[in-house]
Amino acid sequence: MTEEMYSVEQVADLLGLHVRTVRGYIRSGRLTAVRIGKQYRIARTDLDALTGRAAPERPAGPAAVEVSSIVQVDGVDRAAADRLSTLVLAAAGGDARHPLRVQTVHDEERHRMKFVVLGGAAATADLLHLLDSVLDPDAGLLGEEAGNA
């Protein structure tokens with residue numbers, strides 16, 4: 001990760017000061033800067049320290065991962081759509097630590113159902129595995145009408 005760096009002129013513009021004033025702050029130690037050749041560069045955190053603004057804190061731990069998935073299932077009648085919705089929504093709300101957000105839509109004219117799933121990678125994968133196993137034509141859990149995932 002690289003930190004944002006400013007020239008003396010940019011800092012002067014940002015603070016509404018004269019360039020000589022900014023250079024004076026650097027010489028007196030009031031503003032920390034790095035000399036590169038004949039020019040100074042000021043890091044964003046050093047500028048924030050001068051102005052009294054706290055740098056935004058980053059959350060500790062690994063970066064959050066969110067997955068968005070759209071699953072379309074063809075050949076689903078109203079009864080099967082209701083059963084699938086109930087199953088998926090119940091499964092999505094099961095883990096309070098890794099909640100999933102799920103939206104279901106059934107198009108009766110086209111006998112098509114769509115699921116929009118948003119959440120963590122592992123929880124989404126678990127839900128997709130559940131859907132896959134339920135929609136497996138050999139399992140026969142929803143009958144022949146929902147076998148075309």
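General observations
- When you filter the trypsin sites (Lys or Arg not before Pro) in the stretch 69-131 for DSSP loop state and at most 12 other Cβ atoms inside 10 Å of their Cβ, you are left with Arg97, Arg110.
- Semi-axes of the equivalent ellipsoid for the stretch 1-44, computed as √(5λ) from the eigenvalues of its C-alpha gyration tensor and ordered from largest down, come to 16, 12, 9 Å.
- Theoretical gain in end-to-end length, Glu9 to Leu89 [0.36 nm per residue, Cα-Cα removed]: 23.1 nm
- Simple spin-label estimate for Arg44 and Leu17 gives 2.0 nm between the two label positions (7 Å along the Cα-to-Cβ direction from each Cα).
Computed from the coordinates by the stated procedures, all read-outs in this text should not be read as laboratory data. Keep in mind it's a predicted model, so treat the numbers as computed, not measured. Positions of Cβ are backbone-derived with ideal geometry, glycine not excepted, and every protein chain shown enters the neighbour counts.
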